[in-house]
Amino acid sequence: MTYHFDPELAPFAPRMRPLDYADPDGARAGLREVMARQPAYEPVSRVLVEDRRVPVPGGPGVTVRLYRPVDRSGPRPALVFPHWGGFLTGDLETSRTAATRIADQVGAVVVSPDYRLAPEHPFPAGLQDCYAALEWTAADADRLGVDRERIGVGGFSAGGGLAAALALRSRDRQGPPVRCLSLLFPQLDDRLETVSARSFVDTPMLDRGNLVLSWKHYLGGGRPSPYAAPARAEELRGLPPAFVGVCEYDPLRDEGITFAHRLIQAGVQTELVHYPGTFHGSLGVAHAAVSRRMVADQIDALRRGLAA
């Protein structure tokens, strides 16, 4: 299929091949290599980074990495920010650049959980870890210097799917109130029936084959749940205000658009942005104008969503 990529992204598209999700260990090593080549956010001296261990009911506990702006006083907002990686790759280092940038530019404490990965730990293990991180952030808000009334959730790709699931679960369980929801190219629907999911079989970074494997690993043969695949949720009323950004040549494009439309129809204040010429994860081509715009939109939406 012919793709009309943004001119600044086009030279990089052939090099950004999807990881092999049929080999989880190899895919994990591949993502670590990709992230190691990404430029670090500077200056990092404005953000204090530390790891904490958080208990998980019925689980072994989860390590969370905190990113705290050092020059902000008073209770600050917080963002629980699961990393990306198709539910089966990624670790505490994966989201370092994005989380540091958010902490510095938004002034929020970013909480990044090192959640358990599929296929060794299929759903709901990863979500349980992320939800424990959300509950811990709210419960320990005073000690963390966090305003418990301004805790948001957000993520990219699979991290976005986990963030949407956190908002749903917290609403349904009357858990910690979630102030805002920030999603960039989120992975939300295991059915893979949209036009983009059926059409984009050979796109950079993520293609249909990997999506099929991602959901197979994550669901582990279990029955799909709205907390695993938030697009399956029948009721979206009561979710927090949302920002949803999608990439044009991404198999996940249409499920993100549909989810945003359903939020709007449910009365949820929602901003939807479609980025022409982009592909899944093209944000990694950081110098491109469209990538800078995507980052700026995310930061602006978080500032507004977490404002006092």
> Got a sec? Which of L306, L302 is in contact with a Pro (Cβ under 9 Å, 6 or more places away or on another chain), closer than 28 Å to M16 by Cβ and open to solvent by less than 30 Å² (accessible area, probe 1.4 Å)?
Replying inline: L302
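Can you pull out the residues in the stretch 247-289 that are touching a residue at least 40 places away in the same chain (Cβ under 8 Å) and among the aliphatic types (A, V, I, L, M)? Write out each step before concluding.
Taking the stretch 247-289 as the starting set, the residues that turn out to be touching a residue at least 40 places away in the same chain (Cβ under 8 Å) are 247, 249-256, 258-259, 276-289.
L252, L283, V285, A286, A288, A289, listed by residue number.
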>> Step by step: first the residues of the stretch 242-269, then only those that are under 16 Å from P186 (Cα atoms) and either among the β-branched types (V, I, T) or part of a loop (DSSP other than H, G, I, E, B) (or both), then the one that is most open to solvent (accessible area, probe 1.4 Å). Which residue is that?
In response: T258
>> Between a residue in the stretch 188-214 that is within 17 Å of A22 (Cα to Cα) and among the aliphatic types (A, V, I, L, M) and any residue that is open to solvent by 40 Å² or more (accessible area, probe 1.4 Å) and outside any helix (DSSP H, G or I), which pairs come within a Cβ distance under 7 Å, given they are 6 or more apart or on different chains?
In response: M205/P18; L206/P18; L213/A22
> Do we have any residue at all in the stretch 150-166 that's over 15 Å from the mean Cα position of the chain (by Cα) and free of Cβ contacts under 8 Å to residues at least 60 places away in the same chain?
Replying inline: no
> For the stretch 212-229, what are the residues that are part of a loop (DSSP other than H, G, I, E, B) and of a type in the set (S, T, N, Q)?
Replying inline: S225
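From G245, G221, which residue is over 17 Å from V80 (Cβ atoms) and modelled with pLDDT under 95?
Numbers: G245 fails: modelled with pLDDT under 95.
Sole residue among the options that is over 17 Å from V80 (Cβ atoms) and modelled with pLDDT under 95: G221.
The values are calculated or read from the model by the stated rules, or taken from the named source; none is laboratory data. Bear in mind that the values here come from a model prediction, so they are computed numbers and not experimental data. Please note: Cβ atoms are built from the backbone with ideal geometry, for glycine as well, and neighbour counts cover all protein chains shown. Just so you know, the surface numbers come from the protein's heavy atoms only, side chains and all, with ligands and any DNA or RNA stripped out. Shrake-Rupley method; radii C 1.70, N 1.55, O 1.52, S 1.80 Å.
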